[in-house]
Amino acid sequence: MSFSFGSTGSAMGPRSVMQSFGRDSAGQAIDPRILMRLLAFLKPHKARMFAALLLMLISSAFALTSPYLIKIAIDENIAGNDTVGLFYTTLLMAVVFVALYVTTSLQQYLLSWIGLRVLTSLRARLFAHLQALSVSYHNSHIVGVTISRVISDVSVINDLLSSGVATIIGDTVVLAGIVAVMLSLDISLALATFAVLPLMLLATWIFSRRARVAFRQTRQRVAAVVGGLAEDISGIRVIQAFAREGVSSDRFEEVNRANRDANIDAMSLSFIFLPTVDFLGVLATATVLWLGGIAVARGELTLGTVVAFLAYVTRFFQPIQDLSQIYTTMQSAMAGGERVLELLDTKPLIYDEAAAVDMPRITGKVEFRQVGFAYQLDRKILRDINLIIEPGQTVALVGPTGAGKTTLASLVARLYDVAEGAVLVDGYDVRMLTQRSLRRQMGLVPQDPFLFTGTVADNIRFSSPRATMAAVENAARAANAHAFISALPEGYATKILEGGVNMSQGQRQLICIARAILADPRILILDEATASVDTLTEMLIQDALQKLLADRTAIVIAHRLATIRKADLICVMANGQIVERGSHSELIARGGLYADLSLRQ
Ligand SMILES: Nc1ncnc2c1ncn2[C@@H]1O[C@H](COP(=O)(O)OP(=O)(O)OP(=O)(O)O)[C@@H](O)[C@H]1O
Ligand SMILES: [Mg+2]
C-alpha cells in the first residue's frame, strides 16, 4: 500500500507556488468520473489485466484450501490414525503452497508489467501535451509544479491502476470466499466472528474521512517542494551573489516541513487505524477460541473445525485491512489524477484550426493590420499597430524598454494570438495556417538566447538536424561565430552545459544567430541579437547579415541605434504603439523621439 513518502507540497508555500498549484479543498472522496478516466488508461492492456485477475482468483482459491486441509488432517487422518492419509494430505498442502507461490508471482509480474507501461505512456502523453501547450501556459505555470505532475502525480495514479485495482477485486473475492467457507463450517461460530464487523466499519468510516484531507494535502505539498527546489536551483547564481542562501534555505525549509507534516498526518492516521483493525482481529480470534473451545468440549464441534476456523479468521482480516488501506491509495490517486487530467484537459490557446492550411514557400511579406494585444485581459500591451513589411525588407524596431518590441515580433511567429486585428504573412492570416508550416519559414533569435545541453554543433543544427558539418560551419561563419568556436578546446564538439553557462552571453547569441541562419528562413527575427557582443564583433556581424538579409524579410530589434541605421524602415515604439517611422535620416530630420535617442547615444 503506498503512502508515497516525500511526494507532497505546502499550502503556505512562501511564494506563489501554491497559487498555480490548484485547489486545496478536500474534494470528493472518490470521484467516479476521475476514476473512470483513470481506469481507461488500462484499456490497452485489457488482456493482460484479465489474465492477472484470473491468476488472482486461482491463487485465492489455493489460499482458501490450506486451512481446510488442516481440518482434514486433524479430524480424519490424525483422529483416525491414518498415516498414509496424513502423508497425502501433507503432500497436497505442499503442492497447494507451490501452486499458490507460482500463481501469485505470475500475477504480480503481470501487474508490474502493466503498471510500468501505463506509467511510461502516461508520462509520454503529458510530455507531448506540454510541448503543444502555448507559451502563455508555460508563462503562468511554475516549472517545478508541472514537473511534479508528470513525475509524482503520475506515480500515485500508477499505484492505483496496477496494484490497487487488482487488490480491490481480488480481496473482495477472497473475502466472499472466506465468508462462504466459514458459514458452511459452522454458522454460529461464523456469526460470532462477523459481530466485530460493525466496529470495523465504524473505524474505517472515521479513518477515511480524515484520510481524505490528509492525503490530498500530501499530494499538493510535494509540488511546492519541487517548485521551490527548481526555482532556487536555477536562481542559485543570484542567490549566492546576494548572499541570500539563508533566506532561500529558510523558505525551502518551510515548504519542506509543511510537506513532512502533511505526510506525518497521513501516516499517523494509518498508525492508529491499523492497530485498531489488528485489535478487532484479535477480538474475533479470542471469540472463536472461547466459543469454539466450549463447543469442542461439549462434543458439538470437532477440533479440526475450530483450528481451521481460527486460520480463516486470520485470513478474513487481511483483505479487510488491505481494502481499507486501498482507500488511501485511492485518495492519493484521486488527488493526483485530478491534477494530471486537468493538465491533459488544458487546451492549447494556440492550435491549428481544422481548416488550417500549410503555408507554401513564401516571399516574406508581413502585415500588421490594426493589431491590438494583451497578455492579461485588463492590460493592453499593443494598440493600433499598422505596419506593412515588403518581402526582403529589413525593418528595425526601436524604443524604450517595455515598449512592446519583443511582443510585436513574437506575434509574427504566432507565439501568441492577437486580441484585435490580424497578422498576415504573404496575405495569409497566421491563425489560418498550420503552426508548423508557419514557423518553419521563420528564424528567431530570442532576446535571451537559449542553448541546450549537447555540443556546439548540435545547438546550431537544432533548427535543421540533417544539416552537414560544412553547412553548420558556414552558418557559424555568417554569424561571425566560427572564429571563437574553432578556438574552443574541442571546437564544434565542445559540450554546452545546462543553460549554456560555459559560454559568454555574447557567444550564446552568436550560436543562436548561426542556428537561425542555418534554418534558412524567409523571415528572420533578431531580438537584440547583438546586444551582448562588442562593437567590433557587432560590425562584423552586421556586414555578414547584410549579405544574408539581402533576399529575406527581417525584423531587427535593437537598442544600439548604430546597428540599424541601414534598415529600410525604422519604427519607433513607445507604450505599445508605433509613434514614428521612416529611414534613419528622415527620423533624424524630424527631431522626434528617435532623434532624441540617437543624440543621447
Ligand atoms: N509574458 C508576459 N506576460 C505579461 N506581461 C508581459 C509578458 N511579457 C512582457 N510583458 C509586458 O509587456 C510589455 C512589453 O514587453 P516587451 O517584452 O514586448 O517589451 P520590449 O519592448 O521588448 O522591452 P525590452 O526593450 O526591454 O526588451 C511590458 O510592459 C511587459 O511588462
Ligand atoms: Mg524585448
| said: Return the residues of the range 436-450 that are away from ligand 1 (no atom under 14 Å from the Cβ) and assigned to a strand (DSSP E or B); say none if nothing qualifies. | reply: M442, G443
| field | Selected residue (only one of S155, S162 is crowded, with 22+ Cβ neighbours inside 10 Å, more than 16 Å from ligand 1 (Cβ to nearest atom) and either part of a helix (DSSP H, G or I) or at pLDDT 85 or above (or both)) | value | S162
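Matching residues to (1) within 16 Å of ligand 2 (Cβ to nearest atom); (2) surrounded by 16 or more Cβ atoms within 10 Å (Cβ to Cβ); (3) under 31 Å from the mean Cα position of the chain (by Cα):
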site	(1), (2), (3)
D352	no, yes, yes
A356	no, yes, yes
R361	no, no, no
V366	no, yes, no
Q370	no, no, no
L382	yes, yes, no
Q393	no, yes, no
A396	yes, yes, no
G404	yes, yes, no
| said: Based on this model, can you work out whether L126 counts as part of a helix (DSSP H, G or I) and closer than 23 Å to L323 by Cα? | reply: no
| field | Filter result for E253 (part of a helix (DSSP H, G or I), within 23 Å of V150 (Cα to Cα) and either of a type in the set (D, E) or not assigned by TED's automatic domain parsing to the domain that holds I142 (or both)) | value | no
| message | Out of everything in the range 411-435 that is assigned to a helix (DSSP H, G or I) and in contact with a strand residue (DSSP E or B) (Cβ under 8 Å, 6 or more places away or on another chain), what residue ends up being nearest to ligand 1 (Cβ to nearest atom)? | response | L411
| request: Scan the range 426-444 and give yes if some residue there is within 16 Å of ligand 2 (Cβ to nearest atom), at pLDDT below 95 and closer than 17 Å to I555 by Cα, otherwise no. | output: yes
| said: Take the conditions part of a loop (DSSP other than H, G, I, E, B), loosely packed, with under 15 Cβ neighbours inside 10 Å and not acidic (D, E) and apply them to A243. Does it pass? | reply: yes
| query | Quick check, is T494 without any contact (Cβ under 8 Å) to a residue 60 or more places away in the chain, of a type in the set (S, T, Y) and within 16 Å of ligand 1 (Cβ to nearest atom)? | reply | no
| query | Considering the range 529-548 alone, what residues qualify as being within 15 Å of A479 (Cβ to Cβ) and either among the β-branched types (V, I, T) or touching a Pro at 6+ places or on another chain (Cβ under 9 Å) (or both)? | reply | A529, T530, S532, V533, T537, I541
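One line per residue, one yes/no per condition, for (1) surrounded by fewer than 19 Cβ atoms within 10 Å (Cβ to Cβ); (2) within 55 Å of the chain's Cα centre (by Cα):
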residue	(1), (2)
F279	yes, yes
L283	yes, yes
L291	yes, no
A295	yes, no
L301	no, no
A308	no, yes
A311	yes, yes
I326	no, yes
| note | Looking across the range 451-468 at residues that are farther than 18 Å from Q509 by Cβ and out of contact with any helix residue (DSSP H, G or I) (no Cβ under 7 Å at 6 or more places or on another chain), the single one that is farthest from ligand 1 (Cβ to nearest atom) is T468
| task | Within the range 58-77, count every residue that is in contact (Cβ under 8 Å) with a residue 60 or more places away in the chain and not small (G, A, S). | result | 9
| task | Being farther than 22 Å from A354 by Cα and in a helix (DSSP H, G or I) narrows it down to one of A396, A457, so name that one. | result | A457
| task | Count, please, the residues in the range 309-359 that happen to be touching an Asp or Glu at 6+ places or on another chain (Cβ under 9 Å), more than 27 Å from S140 (Cβ to Cβ) and in the same structural domain as W205 (by TED's automatic domain parsing). | result | 10
| message | Looking at the structure I just gave you, is A422 assigned by TED's automatic domain parsing to the domain that holds L382 and either within 30 Å of E367 (Cβ to Cβ) or not polar (S, T, N, Q) (or both)? | response | yes
| message | Criterion first (crowded, with 21+ Cβ neighbours inside 10 Å, more than 41 Å from the chain's Cα centre (by Cα), at pLDDT below 90 and β-branched (V, I, T)) does T563 satisfy it? | response | yes
| said: Any residue in the range 526-547 that is over 20 Å from S410 (Cβ atoms) sitting within a Cβ distance under 6 Å of a residue that is part of a loop (DSSP other than H, G, I, E, B) and within 16 Å of ligand 2 (Cβ to nearest atom)? List the pairs, counting only those 6 or more apart or interchain. | reply: E538/T530; I541/T530
| remark: The residue from I525, I513 that alone is within 16 Å of ligand 2 (Cβ to nearest atom), modelled with pLDDT of 85 or more and β-branched (V, I, T) is I525
| field | Within the range 528-578, tally of residues that are more than 18 Å from N480 (Cβ to Cβ) and within 16 Å of ligand 1 (Cβ to nearest atom) | value | 13
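The values are calculated or read from the model by the stated rules, or taken from the named source; none is laboratory data. Nothing here was measured: the structure is a model prediction, and the numbers come from that model. FYI the Cβ positions are ideal-geometry reconstructions off the backbone, even for glycines, and counts take in every protein chain you see.
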